[in-house]
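The values are calculated or read from the model by the stated rules, or taken from the named source; none is laboratory data. Keep in mind the model is a prediction, meaning the values are calculated, not measured. Note: ideal-geometry Cβ built from the backbone for every residue, glycine included; neighbour counts use all protein chains shown. Each accessible area value is taken on the protein alone, full model and side chains, heavy atoms only, with ligands, DNA and RNA left out. Shrake-Rupley method; radii C 1.70, N 1.55, O 1.52, S 1.80 Å.
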Amino acid sequence: MMLRTVWWKNNGNEFRSDIYDVCGDYPAVFGWDVGHLELGKTMNLDSVKFDFMKKMISKIHERGGLNTISWHLNEPITGQSSWTQNSIVEHILPKGSHHQVYRGWLKNLANFFLSLRDAEGELVPVVFRPYHEMNGSWFWWGGKNCTPHQFKALWRMTTDVLRNEYNVSNLLLAYSPNSVVNKEEFMLRYPGDEYVDVLGIDIYDRTGNENRFVKPLLISLEILKDIAHEKGKLFALTETGRDQVPEANWWTRILYPAIKNSGISWVLLWRNAWPSHYYVPYPGQISEKDFIEFYKKPDVLFLTDLVKLNK
Ligand code: BMA
């Protein structure tokens, strides 16, 4: 039987990755999304089972990799998806009509984080990156749907409940706006140094036109670097990619020149979901060869390099 190269589903036991199939090594950083965990579901919004996710997170940690977790949670009042423009944040803050509902959601989240254990039963550290792209208005927690004050209150309350009520101690918190034009935009909703460990930026190449991606990316990365240096924090390109990678040399011509010497700790590419929605090559994909060139760059590290570095 031919192995499906795109839109394959992990059967729950394999440690398979398109990246591995292309270049013979695994990524150093893996991203997961816990949307719908809040609802007590057994699988996330993309039909990935939480039990499988847990298993993989521990395995990746044991192999020396890093896991990052985003949260495309539903809108807590109407139950619509994350991509809803309802202004409801005040209702889930303390004293709000749905605060208790949200507390229940945080309990589910806390149980999940506390269940991430290695073989010795020790907690597995993960990067938690909730409420991302908050400077845009496409999610109910962002932009014009929520005031900066409400956003900060939501972030702090969420973090305080996880840390103080449930003793969740294995999270590094990442704050990731979408592409920014200046420092003020980056800082507008920043909840405070005690509430953030990693500074991030999400920015996608939506056109294949270098000017429309590389320029804003370089600007955002400079801003990120300045703030991170001032604060003594790590910074990363927490989401990026070019959907379906139609440019055969996107990796070495567009992405690499934009991130080399940027000082970022990692770059996270978005998911390979189905034939019209994927961000890394699979065997036979048009940018496969160029990805291998990118992989070979001495300053681009994959899992094996990371393990060596940590020895
Ligand atoms: C988006 C898309 C959606 C997915 C969501 C969470 O960017 O990939 O299909 O549900 O991320 O993973």
Which condition does Ser97 not pass, out of (1) in contact with a helix residue (DSSP H, G or I) (Cβ under 7 Å, 6 or more places away or on another chain); (2) free of Cβ contacts under 8 Å to residues at least 60 places away in the same chain; (3) surrounded by 15 or more Cβ atoms within 10 Å (Cβ to Cβ); (4) more than 21 Å from Tyr195 (Cα to Cα), if it passes all the others? (3)
Name, by its number, the condition in (1) open to solvent by less than 10 Å² (accessible area, probe 1.4 Å); (2) among the charged types (D, E, K, R); (3) out of contact with any His (no Cβ under 7 Å at 6 or more places or on another chain) that does not hold for Asp202. (3)
Conditions (1) outside any helix (DSSP H, G or I); (2) open to solvent by 10 Å² or more (accessible area, probe 1.4 Å); (3) in contact with a helix residue (DSSP H, G or I) (Cβ under 9 Å, 6 or more places away or on another chain); number of the one not met by Phe128: (2)
If Asp33 satisfies every condition in (1) closer than 28 Å to Asn74 by Cβ; (2) open to solvent by less than 40 Å² (accessible area, probe 1.4 Å); (3) more than 16 Å from the ligand (Cβ to nearest atom) but one, which is the exception? (3)
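Residue by residue, here is whether (1) closer than 16 Å to Arg271 by Cα; (2) more than 16 Å from the ligand (Cβ to nearest atom) holds:
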position	(1), (2)
Arg16	yes, yes
Tyr20	yes, yes
Cys23	no, yes
Ser47	yes, no
Leading residue by the ranking (nearest to Asp25 (Cα to Cα)) among those in the range 295-311 that are hydrophobic (A, V, I, L, M, F, W, C) and surrounded by fewer than 17 Cβ atoms within 10 Å (Cβ to Cβ): Val307
Here the qualifying pairs (Cβ atoms under 6 Å; residues six or more apart or on different chains; first in the range 258-277 and touching a residue at least 40 places away in the same chain (Cβ under 8 Å) and within 12 Å of the ligand (Cβ to nearest atom); second open to solvent by 40 Å² or more (accessible area, probe 1.4 Å) and outside any strand (DSSP E or B)) come out as Trp274/Trp7
